[in-house]
1. Just to be sure I understand, how many residues within segment B:119-177 are away from chain A (no Cβ under 14 Å) and either without any contact (Cβ under 8 Å) to a residue 24 or more places away in the chain or assigned to a loop (DSSP other than H, G, I, E, B) (or both)?
2. Out of all the residues in segment A:97-110, is one or more of a type in the set (Lys, Arg) and within 24 Å of A:VAL5 (Cα to Cα)?
3. Could you tell me which residue of segment A:62-99 is surrounded by the fewest Cβ atoms within 10 Å (Cβ to Cβ), considering only residues that are of a type in the set (A, V, I, L, M, F, W, C) and part of a loop (DSSP other than H, G, I, E, B)?
4. Show me the helices (runs of 4 or more DSSP H) entirely contained within segment B:1-112 in which 1 or more residues are closer than 30 Å to A:HIS83 by Cα.
5. Would you mind stating whether B:GLY62 is of a type outside the set (D, E, K, R) and at positive phi?
6. Restricting to segment A:1-50, count the residues that are exposed (fewer than 12 other Cβ atoms within 10 Å of the Cβ) and in contact with a helix residue (DSSP H, G or I) (Cβ under 6 Å, 6 or more places away or on another chain).
7. For A:GLY107, are the conditions met, namely being in contact (Cβ under 8 Å) with a residue 40 or more places away in the chain and facing chain B (nearest Cβ under 9 Å)?
Amino acid sequence: MSGVVTPRLLLDDVAAGDALPALEYEVSATTVVLGALASRDWRPMHHDKDFAVNRNGTRDIFLNTPNQAAWFERYLTDWTGPHGRLGRVTFSMLGSVFPGDTMALRGVVESTEVDETGCGFATVAVTLSVGEDVKTRCRARVALPRRADDNPWARRGDQWRPAPSAVDPTPDQRG
Amino acid sequence: MSAGSAADDLLTAARELIGKEQYHEVGEFPVERGYVWTSCASVENGNPLFWDDEVADALTGGPIAPPSMVSVWFRPHHWSPGRTEQALPLQVHFDLKALFGLPEAVMTDNTIEFHAPVRMGDVLRTHQVLRSVSDEKTTKLGTGRFWVIDVVYQNQDGDLVAVESYTGFGYVRDAAA
């Protein structure tokens with residue numbers, strides 16, 4: 001790797017219980033519509049308030065799931081820097097996010113590990129909340145470099161194992 | 001035939017699909033950078049991996065797409081010439097709703113595992129695999145069944161790019177609800 005980038009965060013910089021910096025964002029109709037179109041989601045509840053209110057029974061248009069995934073990725077890589085490589089994310093959608101809401105993303109490191117290939121990972125629990133209400137829960141397993149010359153993106157094939165080995169591979173256990 | 005045995009037959013029919021690859025599809029367009037930048041702009045993602053070629057060259061051997069965009073490359077255009085029907089993503093989910101006669105459904109959980117990075121010019125392909133169907137369950141939403149469906153993404157070289165698992169609950173609202 002060239003010296004063009006040095007890691008912002010190494011695995012050893014991270015410990016269970018660490019809190020990530022919170023991110024607050026005021027959601028507008030533009031946020032919702034731009035997010036839906038950026039994720040090629042043309043469904044009207046994400047751009048047509050009349051449809052959302054009268055057909056879906058929601059109070060307004062609302063953030064779509066793929067765009068929330070993009071928000072979670074941005075939040076995590078703001079913390080890790082570009083060396084951070086997402087391995088696995090799980091979402092549980094609990095409520096909707098509407099224009100006028102101020103959403104807050106908060107994360108706490110649950111654990112760190114070095115897998116059997118030598119790759120470092122942190123598992124982070126992230127919430128997306130509006131006020132006191134948690135709208136979406138996310139758990140992410142993200143690879144972090146162990147040394148300044150380590151690059152998780154260079155891993156291929158058997159050297160990249162995005163799911164923790166403790167996870168039972170039967171799909172019923174996923175999520 | 002009793003109602004119980006009819007329900008058993010439906011469950012048997014559904015479970016025979018478990019593990020089988022269904023609905024092989026190829027993306028309508030190659031992965032392209034304009035969409036990457038639109039996605040990053042939508043969430044104000046300034047990760048230099050997606051904006052700075054030097055960083056992308058150093059870390060990922062050239063520009064890649066944000067991993068969380070993997071499903072974006074499969075959503076069809078809102079219109080395309082000659083197409084008469086809008087394709088439904090996650091068709092297995094709709095098949096199960098129809099098979100069991102469950103008019104309502106929600107997605108309760110979504111897990112994505114990311115494998116090989118998605119690169120500019122990739123044309124991704126996908127297929128769906130039913131992983132499980134539960135016995136009948138009653139929740140606060142109604143009575144129905146949970147199922148888990150994997151969507152497997154590969155690139156044009158056959159490399160695994162991602163596996164997305166959806167847990168769905170198809171149900172009938174309870175009369176008292």
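The values are calculated or read from the model by the stated rules, or taken from the named source; none is laboratory data. From a predicted model like this one, the values you see are computed outputs, not experimental measurements. Glycine also receives a Cβ, built like all others from the backbone with ideal geometry; neighbour counts cover every protein chain displayed.
1. Count: 12.
2. No, segment A:97-110 has no match at all.
3. Looking at residues that are of a type in the set (A, V, I, L, M, F, W, C) and part of a loop (DSSP other than H, G, I, E, B), I get A:LEU94.
4. The helices (runs of 4 or more DSSP H) meeting that bar are B:33-42, B:53-60.
5. So B:GLY62 passes the test.
6. Residues meeting the conditions: 1.
7. no
Condition check ((1) modelled with pLDDT of 95 or more; (2) closer than 29 Å to A:ARG161 by Cβ; (3) touching a Gly at 6+ places or on another chain (Cβ under 8 Å)) across all residues:
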| position | (1), (2), (3) |
| --- | --- |
| A:ALA36 | yes, no, no |
| A:VAL53 | no, no, no |
| A:GLY84 | yes, yes, no |
| A:SER96 | no, no, no |
| A:GLY100 | yes, no, no |
| A:GLY107 | yes, yes, no |
| A:GLU110 | yes, yes, no |
| A:VAL114 | yes, yes, yes |
